[in-house]
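Notes to accompany the following structure.
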Amino acid sequence: MSSFLVSPCNSLSGVIAIPGDKSISHRAIMLGSIANGVTKVSGFLEGNDSLATLKSFQQMGVDIERLGSNVTINGVGMHGLRAPGKPIDLGNSGTSMRLMAGLLSAQSFDSELCGDESLSKRPMDRIIEPLRQMGAKIEGHNSKPPLTISGNQPLRPITYELPVASAQIKSCLLLSGLYAEGETCIVENVTTRDHTERMLRGFGYQVNCSDNCITLDGGGELKACDIDIPSDISSAAFFMVAASIARDADLTLKAVNINPTRTGIIEILQLMGANITLSNESEMAGEMIADIQIRSADLKGIRIPNELVPLAIDEFPVLFIAASCADGETLLTGAKELRVKESDRIQVMADGLAVLGIKTEVLDDGIRIQGGQFTKPNTSIKSHHDHRISMSFAVASVACNFDIKIEGVDNVKTSFPNFVELANRIGININELH
Ligand code: S3P
């Protein structure tokens, strides 16, 4: 089990490129694999989560070559996947499991999806239930992984209103809907990330979005295309907060994905008084990108608007660090989903902040954080093997005048493999202890 030993830093600066978007990397492999023709991907995230997706499609007979972040997928068409032969191990990756369950429910072969200790605790009833409504034969273990899926089940289209704001459920059902005869309709009352819809269109598949309904007709084909994946705003978020809370910072993050379903982090930080400017806005692979410049600012506590919660769902651990450094109280509600991520991110962050002397009140669906000064811990902080918790506490070092030890940081490489290198390049001081 590795740890970070993070030390204070005075200033933070540079112009850097963050690795490719994790959500888009997963989808590029999945759609490229079932497309007709060769899909060339650049900017693929070389993190363990997206690599788990890549390996599982290789296991199902897809010829995928990877040279660093360049990936060539020789698509096998909608019905060309082969039986995996043994359980597919998806490691820590909930996105792989939930999206692939939709795709595999429609195949002619049986499959089993499993994962690590954290993934094995995550709720799967949210996809099992609607997939069964479509006619899929899928079993969990008390509604958790491993999932066993029986092949050769004809799927029927459904209209399904998402009970929780989740792009993973939506995407799972859109993928199974590709194989159902007729129109699948997902009703989404709260907007969630729309990469699946955008990428399906990029592969020439018609997806209609009107009001809050996303519909597609099953039975079509995907045509291979080239995908240049932009930088992941969820990874950029760590450095956006670091630069905001640093005493002296001027940092630019190049070509970051600013898809409006992902920019909650920017909006929330700006409401807190952050100094963030966007420039060079353009389009890349059906997504909006921009350079993001962040300079130090005096942050103030806010009540986080509920409608921004799904648009920043992965960024709350690091936003809690920003709130700890802000003047006054920050209140988050409507974020119960944080309790079923790679860890219970409300409790685990509250516990870590308590070690650093920050007062919080844990709520069922959120947290109240009283901004203050980090005080010297007499114990180290436990990340609970959650990548985003590890990176968030590494960011806290920017506002500390003492060292912090963060335990169990191995999973940082699931989403941000060169986090330490980039962090150190801009002035953060992280030592990785093995
Ligand atoms: C993701 C959706 C989100 C997010 C996850 C990636 C995706 O999960 O937390 O990291 O790629 O669709 P939910 O849909 O469960 O909120």
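Among the residues of the range 207-246, the ones that are farther than 19 Å from Arg27 by Cβ, among the polar types (S, T, N, Q) and surrounded by fewer than 23 Cβ atoms within 10 Å (Cβ to Cβ) come to 2 in all.
Within the range 1-42, being part of a strand (DSSP E or B) and within 15 Å of the ligand (Cβ to nearest atom) holds for one residue alone: Gly20. Of the numbered criteria (1) within 26 Å of Val348 (Cα to Cα); (2) touching a helix residue (DSSP H, G or I) at 6+ places or on another chain (Cβ under 7 Å), the one Pro130 fails is (1). Taken together, Ile127, Ile138 contain a single residue that is more than 16 Å from the ligand (Cβ to nearest atom), in contact (Cβ under 8 Å) with a residue 24 or more places away in the chain and at negative phi, which is Ile138.
Please find, within the range 267-304, the residue that is farthest from Glu315 (Cα to Cα) out of those that are in a loop (DSSP other than H, G, I, E, B) and of a type in the set (A, V, I, L, M). For the range 267-304, the residue satisfying everything is Ala285.
Would you be able to say whether some residue in the range 101-121 is of a type in the set (D, E, K, R), within 16 Å of the ligand (Cβ to nearest atom), buried (at least 18 other Cβ atoms within 10 Å of the Cβ) and touching a residue at least 40 places away in the same chain (Cβ under 8 Å)? No, the range 101-121 contains no residue that is of a type in the set (D, E, K, R), within 16 Å of the ligand (Cβ to nearest atom), buried (at least 18 other Cβ atoms within 10 Å of the Cβ) and touching a residue at least 40 places away in the same chain (Cβ under 8 Å).
This table checks each residue for (1) of a type in the set (D, E, K, R); (2) within 23 Å of the chain's Cα centre (by Cα); (3) assigned by TED's automatic domain parsing to the domain that holds His26.
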position	(1), (2), (3)
Phe393	no, yes, no
Cys400	no, no, no
Phe416	no, yes, no
Glu421	yes, yes, no
Asn429	no, no, no
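Would the range 52-72 turn up any residue that is within 16 Å of the ligand (Cβ to nearest atom), farther than 18 Å from Gln168 by Cβ and out of contact with any strand residue (DSSP E or B) (no Cβ under 7 Å at 6 or more places or on another chain)? Within the range 52-72, none of the residues are within 16 Å of the ligand (Cβ to nearest atom), farther than 18 Å from Gln168 by Cβ and out of contact with any strand residue (DSSP E or B) (no Cβ under 7 Å at 6 or more places or on another chain).
Scanning the range 227-248 for residues that are touching a helix residue (DSSP H, G or I) at 6+ places or on another chain (Cβ under 9 Å), more than 18 Å from Ser279 (Cα to Cα) and not in a helix (DSSP H, G or I) yields Ile227, Ile229, Ala246, Arg247.
In the set Leu155, Leu200, which member is part of a helix (DSSP H, G or I) and either within 12 Å of the ligand (Cβ to nearest atom) or surrounded by 14 or more Cβ atoms within 10 Å (Cβ to Cβ) (or both)?
Numbers: Leu155 fails: part of a helix (DSSP H, G or I).
After ruling out the rest, the residue left standing is Leu200.
In summary, Glu307 fulfils each of the numbered conditions (1) more than 19 Å from Phe239 (Cα to Cα); (2) part of a helix (DSSP H, G or I); (3) away from the ligand (no atom under 16 Å from the Cβ) with the single exception of condition (3). Quick check on my filter: what residues within the range 141-152 are assigned to a loop (DSSP other than H, G, I, E, B) and within 16 Å of the ligand (Cβ to nearest atom)? Scanning the range 141-152 gives a single hit, Ser143.
Identify, from the list Thr191, Thr184, Thr215, the residue that is part of a loop (DSSP other than H, G, I, E, B) and either in contact (Cβ under 8 Å) with a residue 60 or more places away in the chain or more than 27 Å from Ile265 (Cα to Cα) (or both).
Values: Thr184 fails: part of a loop (DSSP other than H, G, I, E, B); Thr215 fails: part of a loop (DSSP other than H, G, I, E, B).
Only one candidate passes the filter, namely Thr191.
Which one of these does Ser282 not meet: (1) buried (at least 21 other Cβ atoms within 10 Å of the Cβ); (2) free of Cβ contacts under 8 Å to residues at least 60 places away in the same chain? Only one criterion in (1) buried (at least 21 other Cβ atoms within 10 Å of the Cβ); (2) free of Cβ contacts under 8 Å to residues at least 60 places away in the same chain is unmet by Ser282, namely (1).
Only residues that are under 16 Å from Gly151 (Cβ atoms) and in contact with a strand residue (DSSP E or B) (Cβ under 9 Å, 6 or more places away or on another chain) were counted in the range 168-177, giving 1. Scanning the range 1-21 for residues that are surrounded by fewer than 24 Cβ atoms within 10 Å (Cβ to Cβ) and within 28 Å of Cys225 (Cα to Cα) yields Ile16, Ala17. Within the option set Glu337, Glu342, being within 16 Å of the ligand (Cβ to nearest atom), surrounded by 20 or more Cβ atoms within 10 Å (Cβ to Cβ) and either β-branched (Val, Ile, Thr) or within 23 Å of the chain's Cα centre (by Cα) (or both) holds for one residue only, Glu342. Screening Arg388, Arg368 for residues that are crowded, with 23+ Cβ neighbours inside 10 Å and charged (D, E, K, R) leaves exactly one candidate, Arg388.
Checking each residue in the range 158-178 for being hydroxyl-bearing (Ser, Thr, Tyr), crowded, with 22+ Cβ neighbours inside 10 Å and either away from the ligand (no atom under 15 Å from the Cβ) or over 17 Å from the mean Cα position of the chain (by Cα) (or both) picks out only Ser176.
The values are calculated or read from the model by the stated rules, or taken from the named source; none is laboratory data. All figures in this text were calculated on a predicted structure; none of them were measured in a lab. Glycine also receives a Cβ, built like all others from the backbone with ideal geometry; neighbour counts cover every protein chain displayed.
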